[in-house]
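**Student:** Below is the structure I would like to discuss, written out as structure tokens.
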Amino acid sequence: MEAYLFYIVATIAVITGVYLIFERNPVFSALFLIQTMVCIAVLYILLEAQFIAAVQIIVYAGAIMVLFLFVIMLLNLNIKEESKNALPFQRIPAVVMGIVLFAAICMIIKSKLLQGKHGEYTTAYVNSVGNTKLIGNLLFTDYLLPFEITSILLFVAAIGAIMLAKRKL
Amino acid sequence: MITITHYLVLSAILFTLGVVGVLVRRNAIIIFMCIELMLNAVNLSFVAFAHYLNSMQGQLFVFFTMTVAAAEAAVGLAIIVAVFRNKETVNIDDINIMKW
């Protein structure tokens, strides 16, 4: 059951990823990316990361992609504009080098180098306490400083976005 | 049985698609979306490692990556809007004023 779900969702994610690249209309590209992100959220649930799956839907598919769609519709882009490509010979080498990159990553995965020490958070333990509660506990104890720095980062990003997008201050 | 290798290969495929998209497309917004796809692929391998190594650190790192991605999207899209206001285009071949 789990295996079937994984293969179906993974196939949809890859197909929508391909459409994201080769779709001419930016609005459709954004919608395909939303589909990919929802598929990845399903995979997070399969990996028993329920909190991350919810955040993926809310923050990525909900907030970030709506921002993208807003900007695409705001700029009212001309689809034909992209046809005047200054580097037409770049396409085939890009695809070839992409395949080479994929082969390199697969070789690293196959080499059994990716091993690590097993931690204490087994599935039974996580299910007895609750995924969200464990993440919250860790965020406010061991990872308190990065959490606070993140708030400053978001604050600075908001100020920067307003500064850049405003016509005159 | 789904092992960690399945998730890592899927993550590699999605990351490669993002890289190819950045190299192939000329529209700045679509390049930006491909970068988001690469971030998502890396997040997937983080969560896969966290699950198969019985750890929680991977999920916390994904949490922080998402925050950074949100900040990056806000600033990046503001830059694209500013560039479009000045040059009337988001085609990266036309935005070459810093080339020399």
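Each value in this text was obtained by applying a stated rule to the coordinates, not by laboratory testing. Nothing here was measured: the structure is a model prediction, and the numbers come from that model. Methodologically, a virtual Cβ is constructed for each residue, glycine included, from the backbone with ideal geometry; neighbour enumeration extends over all protein chains shown.
**Student:** If you build a Gaussian network model of chain A, linking Cα atoms that sit under 10 Å apart, which residue out of A:Val14, A:Val129, A:Val95 swings the most?
**Tutor:** In this elastic network of chain A, the residue with the biggest mean-square fluctuation among A:Val14, A:Val129, A:Val95 is A:Val95.
**Student:** Using alpha carbons only, how many degrees (0 to 90, rounded to 10) separate the axis of helix B:4-24 from the longest principal axis of chain B?
**Tutor:** 10
**Student:** Could you work out Rg/(2.2 N^0.38 Å) for the protein assembly as shown, with Rg from alpha carbons only?
**Tutor:** For the protein assembly as shown, the normalised Cα radius of gyration is 1.06.
**Student:** Based only on other Cβ atoms within 10 Å, what is the fewest-to-most ordering of B:Arg25, A:Arg24?
**Tutor:** A:Arg24, B:Arg25
**Student:** Could you please rank B:Leu17, A:Leu113, A:Leu74, placing first whichever residue has the fewest other Cβ atoms within 10 Å of its Cβ?
**Tutor:** By the 10 Å Cβ count, ascending: A:Leu113, A:Leu74, B:Leu17.
**Student:** Now a separate question. Per DSSP H run of at least 4 residues, take -39500 (n - 2.57); add these up for chain A, divide by its residues and hand me the 222 nm value, nearest 500 deg cm²/dmol.
**Tutor:** -22500 deg cm²/dmol
**Student:** Give me the three principal axis extents of region B:4-87 from the C-alpha atoms, as integers in angstrom, largest value leading.
**Tutor:** 51, 25, 8
**Student:** I need A:Phe28, A:Phe147 ordered by Cβ neighbour count within 10 Å, fewest first.
**Tutor:** Arranged by neighbour count, lowest to highest, A:Phe28, A:Phe147 become A:Phe28, A:Phe147.
**Student:** Something else now. Counting alpha carbon pairs within less than 8 Å and at least 6 residues apart, what relative contact order, in whole percent, applies to chain A?
**Tutor:** Relative contact order comes out at 15 percent.
**Student:** How high is the relative contact order of chain B, in percent, counting Cα pairs under 8 Å that sit 6 or more residues apart?
**Tutor:** Averaging sequence separation for qualifying contacts and normalising by length gives 27 percent for chain B.
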